[in-house]
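In what follows, a single structure is set out as structure tokens and then discussed.
The values are calculated or read from the model by the stated rules, or taken from the named source; none is laboratory data. It should be emphasised that the depicted structure is a prediction, and the values quoted were computed from it without experimental measurement. Positions of Cβ are generated from backbone atoms using ideal geometry, with glycine treated the same way; all protein chains shown enter the neighbour counts.
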Amino acid sequence: MIEELKVDYAVLGAGLAGSILSIQLIDKNLDFITLDTKLPKASLKASGLYNPLVFKRLTKSWAVDKVLNYAQNFYSSAVENSNEFFYSYPLKKTVLNAEEINNWEIKSAEAAFNGYLGTLETSKIKGIKNTSWGNVKNTGYVNLKKFINQVHENLLQQNRLVVCDEKPDIKIQDSSVIISHKNIKIEAQNVLFCDGPHVVKNPYFNYLPFKLTKGETLVFKSNLLCEDFIIKKHFFIIPIGNHLFKFGATNEWENLHWKNTVKGKQLLLEKLEDLIHVPYEIIDYSAGIRPTTRDRKPFIGTHPKHKNLHIFNGLGSKGVTLAPYYSNQLVEYLTAGAFLDKEVNIDRYIKYYDHE
Ligand SMILES: Cc1cc2nc3c(=O)[nH]c(=O)nc-3n(C[C@H](O)[C@H](O)[C@H](O)COP(=O)(O)OP(=O)(O)OC[C@H]3O[C@@H](n4cnc5c(N)ncnc54)[C@H](O)[C@@H]3O)c2cc1C
């Protein structure tokens with residue numbers, strides 16, 4: 001027997017983007033269902049770090065003043081058991097030479113960096129070779145596996161999540177969209193695509209200039225390494241509990257697949273050896289694809305032709321920080337006619353849309 005359902009919104013994809021968007025829809029009492037597939041999730045490969053800076057040039061991350069505080073409040077209160085997935089940890093960044101020290105001193109005197117750049121210090125950290133540090137404030141990590149599991153559990157309890165073996169079929173009608181999978185048929189007024197890096201096979205939105213990047217990470221165990229800080233040199237060491245640490249992630253623009261490579265593993269090990277001087281055991285290697293975009297800003301908004309199709313994607317390597325604020329902005333845009341920031345609105349790429 002076919003189970004038929006009518007909803008105002010169908011969210012397609014329940015990684016970080018779709019999970020957070022679903023929470024916002026619940027909060028606003030909106031009528032929706034979320035469908036996910038068993039395709040791999042970038043979110044489950046991510047380190048889950050939030051950090052307000054781009055260290056290469058010691059600048060602030062794009063939009064951080066607007067989104068970071070919102071994100072911290074969101075993770076600490078939006079779903080129950082936040083102490084099991086949301087961790088605020090200080091971050092120590094190696095400062096390697098006089099130029100870096102000078103740059104840090106200049107920037108930390110600027111009001112714009114208040115709340116982000118802390119003091120410089122020289123200190124030994126248990127297990128770490130380097131001794132010169134810049135302290136970064138407002139940093140930490142979200143255990144995305146636990147967070148997403150918690151959201152999925154809540155959605156399942158409310159009969160709002162369907163996990164499909166494969167992508168559901170989509171048929172666009174004049175004023176609604178029919179989504180079918182096996183014996184389920186959903187008529188939705190609006191479809192919100194949150195398909196992460198799988199968007200490149202999405203015929204409605206793959207005209208947008210995504211520029212996916214692959215990242216590899218490893219998890220290691222060390223009983224002798226300090227668990228009090230996130231450490232950043234080439235990559236980040238993030239303490240994830242029980243003497244386990246996540247390390248990464250690499251950046252690769254070619255050969256985009258979800259498996260670790262010999263080259264990636266070697267690079268990770270080389271950089272780890274460069275940073276720590278205590279014994280460790282490798283527990284796991286992992287690889288994933290980030291939904292990064294050419295201009296490094298999210299892709300949010302409504303399809304140029306099909307006005308009932310919308311996208312929430314392109315969270316890149318900053319999904320943890322960006323997703324809460326911009327999911328709220330998207331819901332306000334859909335329900336209250338609020339404006340989307342022009343930097344994230346897909347209208348900026350209308351010139352790329354020339355088919356159909
Ligand atoms: C190695 C690595 C490290 C990272 N580290 C960090 C970090 O430290 N901090 C940070 O902020 N970000 C990090 N990121 C980036 C972060 O993972 C992403 O920004 C974010 O997770 C993207 O979430 P998403 O929901 O858009 O995509 P995904 O998590 O990939 O979710 C997409 C979902 O859509 C589903 N789907 C696809 N097509 C359909 C369809 N047609 N119908 C229904 N469902 C569909 C898929 O099954 C999947 O569940 C990292 C990424 C990687 C790969």
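Pairs needed: first member in region 24-48, over 30 Å from Tyr89 (Cβ atoms); second member anywhere, in a helix (DSSP H, G or I) and among the aromatic types (Phe, Trp, Tyr); C-beta distance under 6 Å; at least 6 residues apart or different chains.
none
Which one of these does Ile186 not meet: (1) surrounded by 21 or more Cβ atoms within 10 Å (Cβ to Cβ); (2) assigned to a helix (DSSP H, G or I); (3) not small (Gly, Ala, Ser)?
(2)
For region 189-231, give me the residue count where each residue is touching a helix residue (DSSP H, G or I) at 6+ places or on another chain (Cβ under 9 Å), among the aromatic types (Phe, Trp, Tyr) and not in a strand (DSSP E or B).
2
When both residues are 6+ apart or on different chains and their Cβ atoms are under 9 Å apart, which pairs have a first residue that lies in region 306-318 and is aromatic (Phe, Trp, Tyr), and a second that is crowded, with 22+ Cβ neighbours inside 10 Å and assigned to a loop (DSSP other than H, G, I, E, B)?
Phe312/Gly13; Phe312/Cys194; Phe312/Pro298
Does Ser82 satisfy being under 22 Å from Ser132 (Cβ atoms) and outside the structural domain of Lys318 (by TED's automatic domain parsing)? Steps first, please.
On the way: under 22 Å from Ser132 (Cβ atoms): no; outside the structural domain of Lys318 (by TED's automatic domain parsing): yes.
It is false that Ser82 is under 22 Å from Ser132 (Cβ atoms) and outside the structural domain of Lys318 (by TED's automatic domain parsing).
Which of the residues spanning region 44-63 are closer than 20 Å to Ile101 by Cβ and among the hydrophobic types (A, V, I, L, M, F, W, C)?
Passing the criteria: Leu53, Val54, Phe55, Leu58.
Which residue pairs have Cβ atoms closer than 7 Å, lie 6 or more positions apart in sequence or on different chains, and pair a first residue in region 222-246 that is of a type in the set (Gly, Ala, Ser) with a second residue that is within 14 Å of the ligand (Cβ to nearest atom) and in a strand (DSSP E or B)?
Once the first residue is of a type in the set (Gly, Ala, Ser) and sits in region 222-246, its partners that are within 14 Å of the ligand (Cβ to nearest atom) and in a strand (DSSP E or B) give Ser222/Phe245.
What are the residues in region 166-198 that are among the small types (Gly, Ala, Ser) and over 29 Å from the mean Cα position of the chain (by Cα), if any?
Quick first cut of region 166-198, residues among the small types (Gly, Ala, Ser) only: 175-176, 180, 188, 196.
Answer for region 166-198, where residues must be among the small types (Gly, Ala, Ser) and over 29 Å from the mean Cα position of the chain (by Cα): Ser175, Ser176.
Restricting attention to region 214-237, and to residues there that are more than 25 Å from Val95 (Cα to Cα) and surrounded by fewer than 16 Cβ atoms within 10 Å (Cβ to Cβ), which single residue is farthest from the ligand (Cβ to nearest atom)?
By that ranking, first place goes to Asn223.
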